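The values are calculated or read from the model by the stated rules, or taken from the named source; none is laboratory data. No experiment lies behind these values; they were computed from the predicted model shown. Neighbour counts run over all protein chains shown; Cβ positions are idealised from the backbone, glycine included. Keep in mind that these areas ignore ligands, DNA and RNA; they rest on the heavy atoms of the full protein, side chains included. Shrake-Rupley method; radii C 1.70, N 1.55, O 1.52, S 1.80 Å.
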Amino acid sequence: YSLERGYTKYTSNAGMAELRREIASYLDRRFGLKYDYASQILVTVGGSEALDLSLRVLLNPGDEVIIPVPSFVCYGPLTEMAGGVPVYVELKAENQFRLTPEQLKAAITPRTKALVLPFPSNPTGGIMTREDLEAIAEVLRDTNILVLSDEIYSELTYGRKHVSIAEIDGMWERTIYVSGFSKAFAMTGWRLGYVCAPEPIAKQ
């Protein structure tokens, strides 16, 4: 249909305005997250480009990124490509593969720039409840650490509603939200992702 209608031209670098408007509407409807489609949302080549762009924007050489594992294998290499240093935190089965505030505190150093929050998790299926996220937010509030929240599996939670850390008080301002269409809508080959962030970050 799109081919027949002639939708084959270059879009703006941020993606089609109509798509960004619908992404903003979806995030508001599903999770109560408010993003301005014109200045805070970019459409990317899959969620992977959204992650890559985010880390390139955030990191200076030597900055550390806390990465809970097991998780998507690209977080570490993307961190290194941006000049950063991955700091891996091993999640435990007895905690249902959730990141605990104690683990987070132990991993933070003066060089910590960002925390990757990959929940719901691939490959463990681990999720973070609102209470879990509140505890993580409490650790982060007195720091300058930003959160790169990969929520591409947010629609694949069962028996409970997904909660984004950007919903927690004081966290929207320090969260970069990454998602896409690959998982929930079985559109892997389309390479459609998106990143949402406060305007100063999205502008970069």
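So which pairs qualify, if the first residue must be in the stretch 86-99 and on the phi < 0 side of the Ramachandran plot, the second must be polar (S, T, N, Q) and in a helix (DSSP H, G or I), the Cβ gap must be under 6 Å, and the two must be at least 6 apart or on different chains?
Partner pairs satisfying both residue conditions: PRO86/THR79; VAL89/GLN103.
Table: residues versus (1) among the hydrophobic types (A, V, I, L, M, F, W, C); (2) loosely packed, with under 15 Cβ neighbours inside 10 Å; (3) within 15 Å of PRO118 (Cβ to Cβ).
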| position | (1), (2), (3) |
| --- | --- |
| GLY15 | no, no, no |
| ARG29 | no, yes, no |
| GLY76 | no, no, yes |
| ALA82 | yes, no, no |
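Might you check whether a residue that is within 22 Å of PRO123 (Cβ to Cβ), open to solvent by less than 20 Å² (accessible area, probe 1.4 Å) and in contact with a Phe, Trp or Tyr (Cβ under 6 Å, 6 or more places away or on another chain) occurs anywhere in the stretch 151-164?
Scanning the stretch 151-164 turns up at least one residue that is within 22 Å of PRO123 (Cβ to Cβ), open to solvent by less than 20 Å² (accessible area, probe 1.4 Å) and in contact with a Phe, Trp or Tyr (Cβ under 6 Å, 6 or more places away or on another chain).
Please count how many residues of the stretch 31-44 are in a loop (DSSP other than H, G, I, E, B), open to solvent by less than 50 Å² (accessible area, probe 1.4 Å) and at negative phi. Explain how you work it out, then say what you get.
The first filter runs over the stretch 31-44 and keeps only residues in a loop (DSSP other than H, G, I, E, B), leaving 32-40.
Within this subset, residues satisfying the condition of being open to solvent by less than 50 Å² (accessible area, probe 1.4 Å) are 32-33, 35, 39-40.
Filter once more, keeping what is at negative phi: 33, 35, 39-40.
Total satisfying the criteria: 4.
For a quick check of your reading of the model, give me the residue pairs whose first member lies in the stretch 157-182 and is closer than 13 Å to LYS34 by Cβ and at pLDDT 95 or above, whose second is of a type in the set (Gly, Ala, Ser) and open to solvent by 40 Å² or more (accessible area, probe 1.4 Å), with beta-carbon atoms closer than 7 Å and at least 6 apart or on different chains.
Close Cβ pairs (under 7 Å, with a partner that is of a type in the set (Gly, Ala, Ser) and open to solvent by 40 Å² or more (accessible area, probe 1.4 Å)) amount to GLU167/GLY32.
Looking at VAL87, is it under 19 Å from TYR153 (Cβ atoms), open to solvent by less than 60 Å² (accessible area, probe 1.4 Å) and touching a strand residue (DSSP E or B) at 6+ places or on another chain (Cβ under 9 Å)?
Numbers: under 19 Å from TYR153 (Cβ atoms): no; open to solvent by less than 60 Å² (accessible area, probe 1.4 Å): yes; touching a strand residue (DSSP E or B) at 6+ places or on another chain (Cβ under 9 Å): yes.
Criteria not met by VAL87.
Of all residues in the stretch 185-204, how many are assigned to a helix (DSSP H, G or I), aromatic (Phe, Trp, Tyr) and surrounded by fewer than 13 Cβ atoms within 10 Å (Cβ to Cβ)? Before you say what the answer is, go through the steps one by one.
Filtering the stretch 185-204 for residues assigned to a helix (DSSP H, G or I) gives 188-190, 199-203.
From what is left, the residues that are aromatic (Phe, Trp, Tyr) are 190.
In the following step, the residues that additionally are surrounded by fewer than 13 Cβ atoms within 10 Å (Cβ to Cβ) were identified as none.
The qualifying residues number 0.
Sort out for me the helices (runs of 4 or more DSSP H) sitting completely within the stretch 45-131 that have 1 or more residues that are more than 17 Å from the chain's Cα centre (by Cα) and among the charged types (D, E, K, R).
Details: elements: 46-58, 75-81, 101-107.
In the stretch 45-131, the matching helices (runs of 4 or more DSSP H) lie at 75-81, 101-107.
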